[in-house]
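Encoded as structure tokens, the structure appears first; notes follow it.
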Amino acid sequence: MRLIRWNQYATLVVVVVGICLPSLAASVSHFDGSYVGTIECDQIPGHTRGALKTAFVLSIVGGRAQYERRHVLPPTSLGPTERGAGTVSSTGEVSLTGEAGDLTGGYEATYRGQIDGRLLRLSGVQVWQLPEKANYKRPCTIVVSRSE
């Protein structure tokens, strides 16, 4: 049986790792940052006064995305919080899932989109669980840009 001499391969391993790791890290990290913009969703008949248009902030770090958005209910009280997270691919594809809930019902949300330069456009749906409208699908769009 022949023993492998690792010191013969050490230089090769260092070169391969030195070439591969930075390119993998750079492919995701160049999307890192805070993205600020708006979320717009259709009206829920009998539950909302009109369509939703409000601020939306998304944070991307190392291929992971996170957001949190407080609902403001009339006249000035705060409602439930939508929280979500997801992934960012090396090509800038973003996939988010989130949820929010309160005593009258709640929803699960999915949004998908693509980063194009400093701009990210997402579209998706919130699936609401309301007393008289189970599985009500509310379409939404999100447009945010990197704020750095």
Once you compute Rg and the Kirkwood Rh from C-alpha atoms, what is the Rg to Rh ratio for the range 29-146?
0.98
Summing +1 per Lys or Arg and -1 per Asp or Glu among the other residues with Cβ less than 13 Å from Gln66's Cβ gives 0
Describe numerically, in nm with one decimal, the distance between label points set 7 Å from Cα along Cα→Cβ at Thr48 and at Ser95.
2.5
For the range 88-148, size of Cβ-based charge dipole, Lys and Arg +1, Asp and Glu -1, in debye
220
Built amide H within the under 5 Å cut-off of Leu130, gap 5+:
Asn135, Tyr136
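No lab work stands behind these numbers, since they all come straight from the coordinates. Please read all numbers here as calculations on a predicted model, not as lab measurements. Note: ideal-geometry Cβ built from the backbone for every residue, glycine included; neighbour counts use all protein chains shown.
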